[in-house]
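Only one structure is covered here, and it is reproduced in the block below.
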Amino acid sequence: MFFYDIETERLFLKNISMDDREFIFRQFSDDVVNRYLFDTEPLTDVEGADEIIGFYIQPEPRLQHRWIIVRKADGIKMGTCGFHCWNHEEGKVEIGYDLKEEFWGNGYMQEAMKEVITFAIKNMSIKEINACIFIDNKRSSHLVENLGFVLSGSRYELFRCKEYLHNIYSLKLTYLA
Ligand SMILES: CC(C)(COP(=O)(O)OP(=O)(O)OC[C@H]1O[C@@H](n2cnc3c(N)ncnc32)[C@H](O)[C@@H]1OP(=O)(O)O)[C@@H](O)C(=O)NCCC(=O)NCCS
């Protein structure tokens with residue numbers, strides 16, 4: 001298996017599976033979690049969760065992956081994180097992440113993403129990791145800046161016939177060598 005489960009000090013990053021459908025439904029029907037996610041409508045039924053999971057468990061090799069973020073202390077599922085749009089030729093990939101609001105402010109996502117970035121460096125021959133963040137999503141921008149990403153551009157994303165300005169933050173891994 002190319003994408004494997006990861007353990008950090010306080011977290012398990014567990015490969016997403018069909019066992020997570022109830023959690024994925026709750027997570028992506030939550031208005032707070034979805035507030036700045038302008039790529040899909042909030043879920044209204046559990047079949048929508050099956051579609052999301054199906055996308056992330058397509059047979060390898062695939063261009064995307066998602067881990068469920070589980071708190072070690074009590075086994076609670078707190079959110080998800082992972083990759084999409086992996087461009088093998090250019091050595092680029094995009095990251096995505098989400099936590100339920102009750103778990104914000106504890107450094108959990110920073111802890112998870114450090115290991116996800118380490119995974120990309122070790123296993124994916126990645127030169128550049130990008131995050132596409134809606135301009136008002138301050139917590140998300142703060143997170144990637146803390147991880148060493150720098151603002152590298154911006155673009156509009158079209159959603160429900162409206163354009164939303166997103167900043168692109170990049171981590172150029174050659175700079176870290
Ligand atoms: C983006 C998102 C994951 C950020 O969550 P977050 O809680 O701010 O990020 P972290 O888990 O890394 O926590 C960092 C915070 O914990 C604090 N913290 C507390 N204990 C900490 C510890 N042991 N280590 C590090 N930071 C700690 C930090 O000071 C920081 O707080 P601050 O922002 O007030 O300074 C969250 O807002 C979210 O899920 N949003 C909805 C989905 C979304 O928008 N996803 C991104 C789309 S681009």
In nm, spacing of pseudo-spin labels at residue 158 and residue 71 (7 Å Cα→C-beta vector): 4.2
Loop trypsin sites (Lys or Arg not before Pro), segment 96-177 (other Cβ atoms within 10 Å of the site Cβ: 12 or fewer; DSSP): 160
Residue 1/residue 135 FRET efficiency (R0 30 Å; Cβ-Cβ; nearest 0.05): 0.20
Distant-in-sequence amide H partners of residue 152 (H built 1.01 Å from N, under 5 Å): 168, 169, 170
Kyte-Doolittle mean at least 0.0 and Cα axial length at least 30 Å: DSSP H helices in the chain: none
Segment 141-177 and segment 1-65: distance between their alpha carbon centers, rounded to Å: 21
Candidates per GluC sites (Glu not before Pro) in segment 1-97, loop by DSSP, up to 11 other Cβ within 10 Å: 9, 89, 90
Segment 6-127 - Rg over Rh from alpha carbon coordinates, Kirkwood radius: 0.95
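Do any of 72/172; 77/127; 92/122; 72/92 go past 25 Å between their Cα atoms, and which? Mind dumping the intermediate values first?
On the way: 72/172 31 Å; 77/127 31 Å; 92/122 14 Å; 72/92 31 Å.
The answer is 72/172; 77/127; 72/92.
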Distance in nm between pseudo-label sites at residue 40 and residue 146 (7 Å out along the Cβ direction from Cα): 2.6
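Considering Cα pairs under 8 angstrom that are at least six residues apart, work out the relative contact order of the chain and quote it in whole percent. Each step should come with its number before you reach the end.
Working: 281 pairs, mean separation 32.2, N = 177.
Dividing the mean separation by the residue count of the chain yields 18 percent.
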Per-residue HN-Hα couplings for segment 58-70 [Karplus 6.51, -1.76, 1.60; θ = phi - 60°; Hz; x = Gly/Pro]: 4, x, 6, x, 9, 9, 8, 7, 9, 10, 8, 8, 10
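Values in this text are rule-based calculations from the coordinates and carry no lab data. Remember, it's a predicted structure, so these values are computed and weren't measured experimentally. As a convention, Cβ positions derive from the backbone with ideal geometry for all residues, glycine included, and neighbour counts pool all protein chains shown.
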